[in-house]
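What follows is calculated from the coordinates using simple rules that are stated; it is not laboratory data. A quick note: this is a predicted structure, and the numbers were derived from the prediction, not measured. Neighbour counts run over all protein chains shown; Cβ positions are idealised from the backbone, glycine included.
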Amino acid sequence: MTGVPQEAAGALPQDAAGVVPQDAAARREQLKEVFERARVCERCPLSQTRTKVVFGAGNADAELMFVGEAPGANEDLQGLPFVGAAGKLLDQLLGEIGMARRDVFIANVLKCRPPGNRDPEPEEISACQEYLFAQLELIQPTMVCTLGNFATKLLRGKPTGISKLHGQAEVVTVGPRSVRLFPLYHPAAALYTRSTLDLLRADFARIPAVLALGAPEQRSAMVPAPPGSAQTSPPGGDTATAAATDAQPAGAPPAGRAPDDDQQQLGLF
Ligand code: URA
């Protein structure tokens, strides 16, 4: 089992005892709270150039989650992940295994578009990763497909690239939970290279079998963190447990915005 370093998840709301609720409806409500924080986030300079925060969308209680790299131009305008050409391919590949967006949750490493679709900078990933870790903790997928290098490296906590790892399921521990990580080539890379598309399609076809394995064994029962404490593990360590130390109360939606707009942007099923 490999692990991922994780900082205290300040984006993660918790109840008074410092525990993420197990009830799906309560986790969904907390996911909305994290979205409200993300949509006004100014933790990195991408907040100055973005049009919309692309928090992620889909089934808030999904067994299967996809994690891409960062929003592109279309996503930035619409506030939804994978709505361009790469997204159409993702939809097609999901359809080929009998699934649809409503069955999964799709997020990105970065929630804001890097100008010109350049690669994410390490500082941007550091600033943004809490949101992804909070999503993983609240959605509680059993399987996570990382799309491309950035998501794979972040969730494995190791620098090995996607060409060596694609299609190989592995149990990794992210925060307090273990998931089956299944690295895939990024759909954008498969758009113009036939051999990459063939590899991606073959890996996709194996998703149902990995899903059928069910949740991996959890290394420890969820232990409530003492109020005000934060537990972290060293980079590459086997297990990292994070507790929010600076979780702020959910902010009220800014004035002048219809609540329905947010619901639509979060695209929860
Ligand atoms: N590429 C990504 O990595 N994410 C998106 O949302 C769109 C394209």
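What to note about this one:
- Long-range amide H partners of Val104 with built H, under 5 Å: Asn59
- Shape of region 65-119, Cα gyration tensor, a/c cut at 1.5: prolate
- Computed FRET value (nearest 0.05) for Asp91 with Arg118, which takes r as the C-beta separation and R₀ as 25 Å: 0.45
- Lysines with Cα under 22 Å of Lys32, excluding same-chain neighbours fewer than 8 positions away: Lys52, Lys111
- Peptides ranked, highest mean first, by Cβ atoms within 10 Å: ranges 61-69, 152-160: 61-69, 152-160
- Modelled spin labels at Val19 and Ser126, positioned 7 Å past Cα toward Cβ, are 3.4 nm from each other.
- Computing FRET efficiency as 1/(1 + (r/R0)^6) for Ala26 and Leu213, where r is the C-beta to C-beta distance and R0 is 35 Å, gives about 0.85.
- Once the chain from Leu191 to Thr49 is taken as fully extended at 0.36 nm per residue, the excess over their C-alpha distance is 48.4 nm.
- Shape class of region 106-181 from the Cα gyration tensor (axes a ≥ b ≥ c, square roots of the eigenvalues): oblate, since a/c reaches 1.5 or more and a/b does not exceed b/c.
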